[in-house]
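Just so it is clear, none of the values below were taken in a lab; they were calculated from the coordinates. Values in this document were obtained by computation on a predicted structure and should not be read as measured data. Neighbour counts run over all protein chains shown; Cβ positions are idealised from the backbone, glycine included.
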């Protein structure tokens, strides 16, 4: 009787699947992966991308310590989806991916552990023009629970910039900045996303890699065949050693079953100001702040 009662409680706690459209609403041919013209397509073939911040971007590090520009998810959404299709962001933060999806008439769902970020995402979505044709839903929950919310083979694009292992879990020294600019309002502050043990930003790289594998193993069945999965991240510099985080992530994704399609470099030199001398005169170290990786995978077909 106790076992039956426990089963009933578990059944009641199950999440209902979201009722959200995942089929294209445009008139593009079925063999097209996006709505782009040939001229627009060519612009995406260059493997070095450069972005600029706009008025829609939220750049206050007191709200969120690391946010990518809306132009980044916008470009990926345009490249890998049609209007009306479904976009997922497993670590949505303050909702930049959802905002990009709304602007481009795509449905989208985003998850984050931190309630404060989800509330900011909701406010940002309300501030944009009304779009009744699509829905964008921010949800406060662990990314491991995503399969409870979405149907198999419903996602056309999964895109995110995950917490980069324990990169922010230490006092900010601003070593990449010019000496006279280092002691700003964030100097010596720990700008960690949260202290939640489930937060990828609290983990060492091996544990981070395992968590990525676990989360994306749950996402894999939700992806449409040849649906793309894009992860933006950079490598770490810890205790005078280069940690190739992007390699750990590639290996984790391939173990799940995803296939690496493209490695794109986000050239950030236009966003980096006041750079100081780093490593001079005896230790040559390139600044990780000047570029990031955009890793593009897809779910291969079974044929």
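Return yes or no: is residue 52 surrounded by fewer than 10 Cβ atoms within 10 Å (Cβ to Cβ), in contact (Cβ under 8 Å) with a residue 12 or more places away in the chain, in a loop (DSSP other than H, G, I, E, B) and out of contact with any helix residue (DSSP H, G or I) (no Cβ under 6 Å at 6 or more places or on another chain)? Here the answer is yes, as residue 52 does meet what is asked.
Among the residues of this structure, residue 157 counts as one that is touching a strand residue (DSSP E or B) at 6+ places or on another chain (Cβ under 6 Å) and surrounded by 16 or more Cβ atoms within 10 Å (Cβ to Cβ).
Among the conditions (1) in a strand (DSSP E or B); (2) out of contact with any strand residue (DSSP E or B) (no Cβ under 9 Å at 6 or more places or on another chain), the only one that residue 116 does not satisfy is (1).
In summary, strands (runs of 3 or more DSSP E) completely within the stretch 213-303 and bearing 3 or more residues that are surrounded by fewer than 16 Cβ atoms within 10 Å (Cβ to Cβ) occur at 259-267. Would a scan of the stretch 92-99 turn up a residue that is over 11 Å from the mean Cα position of the chain (by Cα) and surrounded by fewer than 24 Cβ atoms within 10 Å (Cβ to Cβ)? Among the residues of the stretch 92-99, not one is over 11 Å from the mean Cα position of the chain (by Cα) and surrounded by fewer than 24 Cβ atoms within 10 Å (Cβ to Cβ), which makes the answer no.
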